1. I'd like the residue in region 4-19 that is open to solvent by 20 Å² or more (accessible area, probe 1.4 Å) and in contact (Cβ under 8 Å) with a residue 24 or more places away in the chain and, out of all such residues, is farthest from Lys69 (Cα to Cα).
2. Given the condition hydrophobic (A, V, I, L, M, F, W, C) and under 23 Å from Leu123 (Cα atoms), answer yes or no: does some residue in region 47-60 qualify?
3. Does region 65-107 hold any residues that are under 30 Å from His39 (Cα atoms) and open to solvent by less than 70 Å² (accessible area, probe 1.4 Å), and which are they?
4. Quick one: count up the residues across region 28-50 that are touching a residue at least 40 places away in the same chain (Cβ under 8 Å) and open to solvent by less than 10 Å² (accessible area, probe 1.4 Å).
5. Consider Ser90 carefully, then state whether it is among the polar types (S, T, N, Q) and in the same structural domain as Gln131 (by TED's automatic domain parsing).
6. Select, from Asp72, Asp82, the only residue that is under 30 Å from Glu23 (Cβ atoms), out of contact with any helix residue (DSSP H, G or I) (no Cβ under 7 Å at 6 or more places or on another chain) and not aliphatic (A, V, I, L, M).
7. Output the helices (runs of 4 or more DSSP H) that fall wholly within region 76-144 and possess 2 or more residues being within 13 Å of the ligand (Cβ to nearest atom) and of a type in the set (Lys, Arg), or say none.
8. So Leu63 ticks every box in (1) in contact with a strand residue (DSSP E or B) (Cβ under 7 Å, 6 or more places away or on another chain); (2) more than 30 Å from Ser44 (Cβ to Cβ) but one. Which box is left unticked?
Amino acid sequence: MQFTVQVTFRIGSRCRSRHYQTEFSAKRGIYKWLEKNQHQPDISASYFSPDSGHQTFQQFEQLSEYAPKPVDNFYLSRAWLDLRHEVLSSREHRCNLCHRSVAEHGIALEVDHILPRSRYPELALDINNLQILCYECNRGKRDK
Ligand SMILES: [Zn+2]
């Protein structure tokens, strides 16, 4: 039998409940709900867990360690997609490392940051910091 956590969400005198597979996912759900409804005057979310007993939360700050990680939309941004298109159409369609091409070898090419975006965010949209790599070379580079 799977253990589930039943959370009761209350706004004023209105209640509804939802089941979660784990206490962790319940806390994440509560965090999101409390954040969304933070302007309501009287809210709470509560559940009972065999491990930690009865839990009640009224402010999402109580669960800040359960905040979902911000979504990284960089690779979906218009600026990146335009730049990527520019790189792929201005340079020869070959891998910078192994020099194979799409036409001759049927490989997939990717636009890669030479200096990683995580450490050099200011170069993320600098065309001189971009190179074309094939899928294999890019993964090989990342694995090192
Ligand atoms: Zn390659």
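The values are calculated or read from the model by the stated rules, or taken from the named source; none is laboratory data. All figures in this text were calculated on a predicted structure; none of them were measured in a lab. Virtual Cβ from ideal backbone geometry, glycine too; neighbours counted across all protein chains shown. Remember, those area values only see protein heavy atoms, side chains included, never the ligands or the DNA or RNA. Shrake-Rupley method; radii C 1.70, N 1.55, O 1.52, S 1.80 Å.
1. Across region 4-19, the extreme among qualifying residues is Gly12.
2. no
3. Result: Tyr66, Ala67, Pro68.
4. Result for region 28-50: 2.
5. yes
6. Within the list Asp72, Asp82, the selection yields Asp72.
7. Because the criterion is at least 2 residues that are within 13 Å of the ligand (Cβ to nearest atom) and of a type in the set (Lys, Arg), the helices (runs of 4 or more DSSP H) in region 76-144 that meet it are 135-143.
8. Single failed check for Leu63: (2).
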